[in-house]
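The values are calculated or read from the model by the stated rules, or taken from the named source; none is laboratory data. What you see is a predicted model; the values in this text were computed from it and never measured. No Cβ is skipped: glycine too gets one built from the backbone with ideal geometry, and neighbour counts run over all protein chains shown. These accessible areas exclude ligands, DNA and RNA; they are computed on the full protein's heavy atoms, side chains included. Shrake-Rupley method; radii C 1.70, N 1.55, O 1.52, S 1.80 Å.
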Amino acid sequence: MKKFLKKIGILLLLTLVLMQLLDWIYTYAFTHSVPRNKVQYVLQMEPQHIDYIFLGSSRVENHIISRQIEEKTGKKAINLGIQGAQLADILLMIKLLDEQKITYDKIFVQVDYNYSVKSKSGISKSYALPYISNPVIAADLEQNDKRFLYYKYIPFYRYATHDHLIGFREVAASFFKKNARIDLSDGFDAKKGEATLEEFRFPEDVPQKNEIIEEIESIVKTEDRELIFFCAPFCNMTVNEAYLDYLSGHMEGFYNYAKLFEDEQSLFWNCGHLNKEGAEAFTEKIIAQHLKS
Amino acid sequence: MLFNSIEFLIFLPTVFFLYWYVFNKKIGLQNAFILIISYVFYAWWDYRFLTLIMASTLVDFFVARAMEKAESKKWRKLLLIISLSFNLGLLGFFKYYNFFIESWMEMWSNMGIEMQSYTLQIILPVGISFYTFQTLSYTLDVYKKKIKATDSFINFAAYVAFFPQLVAGPIERASSLLPQFGKKRKIEEDNMIDGLGLIIWGLFKKIVIADSCAVYVNAIFDNYENLNSLTLILGAIYFAFQIYGDFSGYSDMAIGIARLLGFKLMRNFAYPYFSRDIAEFWRRWHISLSTWFRDYLYIPLGGSRGNKWFQLRNVLIIFLVSGFWHGANWTFIVWGALHALYFIPLLLMGRNRKYLDTVGENGVFPSLKEIAQMLLTFILSCIAWVVFRAETVADAWNYFIRMFSFNFNGNLDYLSSERYSVEAVPIIGLLVLIEWWSRNKEHPLKGRYYMTKIGLTLILILMLGVFSNTNDFIYFQF
């Protein structure tokens, strides 16, 4: 049995050494490569001033065309919407922007059914995990994720458990300096064509308050910056719209664009997402209402 | 409890330690321990279904004992019928009840007669098809007087519930596995070290090959209406490797784990995608099921004796039953029928036992003829896999129509899983290369530089494995 146990011991040791080695390699790749996601992009930004910043999920990422804003207003804008992002992820992005010394005049935060969600999204958390030594990210994960200690102390655990977004495929792309699928300095990701529209149902109950919104307000609201909450358009097949009416009545600075294109279904890719033409029309509306001096 | 789960990572070493160092004094104690931990392993999914295994075990144990003592052939036959009715009855109820009711109602509905639905909310007990066939092999062998009925209930119960192969095989024969419970197991280190290699190789096939392919397969089959022909062809290929990696990976791990405990299980896969015709494919794919059907259905039906029509009938029955064994869906029956269709010409030409050796046994590379034969066999199996994977026969048909339209659009499809459809090709290429070089061995890690190969496989598992989205083994549903 000694021979067998010795081999087991060797394999366990080898596994641990490999995990540590791979952890170093992956972390190096993510911290030294061209940015391939928006968290990485923000962490590599030099201190600068951006006039307008848009934060949210794919309902921002697919809806706001920064280039169009820049052309129309002459001001600098960036779309930092990340597919699947929730309010907790938006809060982390705001903290990271402050840490990177990015200043701004107006910040737009998407609020809709995500008002009922307090957890973080798997996607943006995965993007943040390679930078666990960053104090803002570490503090955020420690507060919000039960597995924080595993991420921190078990080598390679964070990469293995989130391999679909920060695994080998992404590391290889980073090593080969493959650019992100979209232009991250703009941040807009167009949905092309028209998909079948299906009913979208808002939650039945609205929470009385949302602590994350309160924290966002406490961080952003200063004399020289404006915080705007908005709900991007939905198709006309939504149910429980009273949910948004409640938000309109209770949130200061909330703009409800849910019904903006109620009769123009050709602008939608699906019920919660506009297609490219829809995004152009919506960006135009945002410019007209909020960004024209 | 999955073999590739954290729970099992704790379970297996604990079992190993207790088995060899605490319960090693008496063989009876070791067998009782195996029985208990096998029940714990099974109860991890759903403890309620333990009663089914226990009932099956009790019935077959006492039926076989009675059969042994019975003097008249009539009485033995009656006992066999009791065992078959009980086991197949349970299997039929849990696996096929709703299918038969729905098919019956659909038939009447097609004739314009609507009937009231009597379907039930039935959960399929994990592994029921596997342990039912395993316990049936025992009563059938006792009936045929190939083996003697065991007088140890613990040994028999441990044989039925043996945890490494309980939920997805290999389906062991009583004549091979049951006697192993009666002999004292010795620590054979080389055997154990080889078992370790099998576990690691099985893990590689599961979490690197099968689970990687699953990401693409799910995205392609769920959205096939919007994808071009190249992507659909890739979808079929990916599924062929997903199911191979998934099922053969599980079998390898099961065989490896059994070796750690001093047992020898039968080989279940022998590089099936290097087959030169469908007959060879079936000698290399899910060997324990193919040989089960051969011994307990094909041969009793008359096998290859009699005229060609008789043989054709037997082949058709075997493949249809084999398809139906996989699940209560017409897709599995059509899958079986397709394989029968592939096999029958070989039978008619008397070429179904032409390739009994290993392809390119004495060379490094296959000949052009062999490449063409392997490709054709692989393409045929892929076509059948599409039917196997599709939700309905209509879905499979529509998938084929789109795939064979050869509309390539000039673009690579970007899938809903946020990756391009061709991205998994290198991983499959890697597996094919490794397996080609190892096709004369039981598994690729065997032989020289054993520890180096294990080390390299570990690197591949860590780097390329899918850990975030652990999929159940496909064959658990059967």
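Data for the structure
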item: Matching residues, segment A:74-109, being in a helix (DSSP H, G or I) and out of contact with any Lys or Arg (no Cβ under 7 Å at 6 or more places or on another chain); result: A:87, A:90, A:91, A:92, A:93, A:94, A:95, A:96, A:97, A:98, A:99
item: Residue in segment B:7-19 that is at pLDDT below 95 and part of a loop (DSSP other than H, G, I, E, B) present; result: no
item: Positions within segment B:359-369 being open to solvent by 40 Å² or more (accessible area, probe 1.4 Å) and either in contact with a Lys or Arg (Cβ under 8 Å, 6 or more places away or on another chain) or modelled with pLDDT of 95 or more (or both), in sequence order; result: none
item: Which listed residue is within 10 Å of residue A:187 (Cβ to Cβ) and out of contact with any Pro (no Cβ under 7 Å at 6 or more places or on another chain), from A:74, A:81; result: A:81
item: Qualifying positions in segment B:12-71 - without any contact (Cβ under 8 Å) to a residue 40 or more places away in the chain and of a type in the set (Phe, Trp, Tyr); result: B:17, B:21, B:23, B:33, B:47, B:62
item: Identity of the residue in segment A:174-192, assigned to a loop (DSSP other than H, G, I, E, B) and open to solvent by less than 40 Å² (accessible area, probe 1.4 Å), that ends up farthest from the other protein chains (Cβ to nearest Cβ); result: A:186
item: Among residues of segment A:1-29, those that are facing another protein chain (nearest Cβ under 7 Å), under 29 Å from residue B:19 (Cβ atoms) and open to solvent by less than 80 Å² (accessible area, probe 1.4 Å), counted; result: 8
item: Wholly enclosed helices (runs of 4 or more DSSP H) of segment B:387-478 bearing at least 2 residues at pLDDT 85 or above, more than 14 Å from every other protein chain (Cβ to nearest Cβ) and under 20 Å from residue B:219 (Cα atoms); result: B:393-403
item: Filter result (outside any helix (DSSP H, G or I) and either open to solvent by 30 Å² or more (accessible area, probe 1.4 Å) or among the aromatic types (Phe, Trp, Tyr) (or both)) within segment B:274-320; result: B:285, B:304, B:305, B:306, B:307
item: Given (1) assigned to a loop (DSSP other than H, G, I, E, B); (2) touching a helix residue (DSSP H, G or I) at 6+ places or on another chain (Cβ under 9 Å); (3) away from chain B (no Cβ under 11 Å), index of the condition residue A:198 fails; result: (2)
item: Residue match in segment B:135-142 (condition: out of contact with any Gly (no Cβ under 6 Å at 6 or more places or on another chain), of a type in the set (Gly, Ala, Ser), part of a helix (DSSP H, G or I) and within 14 Å of another protein chain (Cβ to nearest Cβ)); result: no
item: Candidate set: segment A:230-271, residues that are assigned to a loop (DSSP other than H, G, I, E, B) and open to solvent by less than 10 Å² (accessible area, probe 1.4 Å); chosen: the one nearest to residue A:77 (Cα to Cα); result: A:232
item: Segment A:147-173 residues that are at the interface with another protein chain (Cβ under 8 Å from one of its Cβ atoms), paired with ones that are surrounded by fewer than 19 Cβ atoms within 10 Å (Cβ to Cβ) and among the hydrophobic types (A, V, I, L, M, F, W, C) (beta carbon under 6 Å, 6 or more apart); result: A:156/A:19
item: Given (1) of a type outside the set (Phe, Trp, Tyr); (2) open to solvent by less than 10 Å² (accessible area, probe 1.4 Å); (3) modelled with pLDDT under 95, number of the condition residue B:240 does not satisfy; result: (3)
item: Selected residue [open to solvent by less than 30 Å² (accessible area, probe 1.4 Å), free of Cβ contacts under 8 Å to residues at least 24 places away in the same chain and of a type outside the set (Phe, Trp, Tyr)] from A:88, A:138; result: A:138
item: Residue selected from segment B:180-196 under the condition at the interface with another protein chain (Cβ under 10 Å from one of its Cβ atoms) and touching a Lys or Arg at 6+ places or on another chain (Cβ under 9 Å), by the criterion surrounded by the fewest Cβ atoms within 10 Å (Cβ to Cβ); result: B:190
item: Scope segment B:54-79; condition closer than 14 Å to residue B:144 by Cβ and of a type in the set (Lys, Arg); matching residues; result: B:73, B:76, B:77
item: Residue B:356 vs. criteria over 19 Å from residue B:276 (Cα atoms), open to solvent by 30 Å² or more (accessible area, probe 1.4 Å) and either among the hydrophobic types (A, V, I, L, M, F, W, C) or not in a helix (DSSP H, G or I) (or both); result: no
item: Selection within segment B:144-174 - aromatic (Phe, Trp, Tyr) and outside any helix (DSSP H, G or I); result: B:162
item: Enumeration of residues in segment B:63-119 that are surrounded by 12 or more Cβ atoms within 10 Å (Cβ to Cβ), among the polar types (S, T, N, Q) and not in a helix (DSSP H, G or I); result: B:119
item: Pair list, Cβ < 9 Å and 6+ apart or interchain, from segment A:246-263 residues that are at positive phi to residues that are modelled with pLDDT of 85 or more and open to solvent by 60 Å² or more (accessible area, probe 1.4 Å); result: A:253/A:226
item: Candidates A:70, A:46, filtered to the one that is among the acidic types (Asp, Glu), out of contact with any Leu (no Cβ under 9 Å at 6 or more places or on another chain) and in a helix (DSSP H, G or I); result: A:70
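So that you can scan it fast, the table gives a plain yes or no per residue for (1) without any contact (Cβ under 8 Å) to a residue 24 or more places away in the chain; (2) assigned by TED's automatic domain parsing to the domain that holds residue B:57; (3) open to solvent by 30 Å² or more (accessible area, probe 1.4 Å):
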position: B:167; (1), (2), (3): no, yes, no
position: B:177; (1), (2), (3): no, yes, no
position: B:204; (1), (2), (3): no, no, no
position: B:210; (1), (2), (3): no, no, no
position: B:213; (1), (2), (3): no, no, no
position: B:218; (1), (2), (3): no, no, yes
position: B:223; (1), (2), (3): no, no, yes
